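Inspection log for the structure reproduced underneath, given as structure tokens.
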């Protein structure tokens, strides 16, 4: 530690210049001292630095108004660094390290660990963990899923707002090889509806004008005719999803609203999806062409849409694409980023046939980019697909994109 004491002289301001000497991080405390007692401290934590770095500290009568600017690259471009904490006189005297506890669950196909930290004075600034033997530390923000088969050593620690860093703790978590398919898509008894003429080939882009000019009304996402008594158009149903018009949706489906079901859906999926009422309605009830999917699979479709477009469905076109994805059709809207990510994948060990992309064809790209669902789920194919996924990645699927890859491998 290095200390600099500067007298507080009326009418005099100070700038302190700092020069980096090596690569690493530094922390900085700026304290106000009255009658030999620290009354207030500004604490800056873990600022990246290297031998080229420069920094300027501009002091103020009010410690909270201290300004720290850092030029990490030494190129003359300074950026203001946010203060990590402002401490009062009691908190500034804190020298006790925080304590972090870990709890774990699972272990058969995946495991989850949760960290909780306590501090008796200044409070917790951050909790972090490492899965690579301290090579990197990641800030902890919520429960962490471990999918790597075998033993994983978790190192974890916390730092309080006064800068006291806990010595890291260690926990070994073991995950055994998966023996059954793990899937967020519930209801494996999905079958095409009578009269359904969809094929496994994905549908190319269709202009909106073409959709609106179809002469025969069709249930969205399928190819059979509506009953003569049907009084809702495609756009009516898409609008009902967009506007969360539950009365229209219930009348269309011939159902009664189930508030308990909607509440369960909100509790079950709101942690991973920022659900609006329209999304809650779709997951809870579906449409005539998606009702057979089941609640979990409809939630999975929204996950896939969000993965591709970085939003939950909002417009008629969004909801049209949701139902297309759910019914084995390519979305009309496209995401260049999602397709680029899918195209970047190579499977040379499994797919080495001649042709474009090591055996990966354009329909496969769309499945991985958008999570297009199969017409009929085949659990045996998915079990085999999981085995292949494990061979490639040495872990079970955990993210939405992982499950999209698994669908490509399986089907």
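The values are calculated or read from the model by the stated rules, or taken from the named source; none is laboratory data. Since the structure is predicted, the reported quantities are computational estimates derived from the model, not experimental observations. In this analysis, Cβ positions are derived from the backbone assuming ideal geometry, glycine residues included, and neighbour counts consider all displayed protein chains.
Numerical summary
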| quantity | calculated |
| --- | --- |
| Strands (runs of 3 or more DSSP E) contained entirely in the stretch 1-77, each with at least 2 residues that are assigned by TED's automatic domain parsing to the domain that holds residue 138, farther than 25 Å from residue 162 by Cβ and in contact with a helix residue (DSSP H, G or I) (Cβ under 9 Å, 6 or more places away or on another chain) | none |
| Test: residue in the stretch 85-98 that is under 18 Å from residue 398 (Cα atoms) and touching a strand residue (DSSP E or B) at 6+ places or on another chain (Cβ under 9 Å) | no |
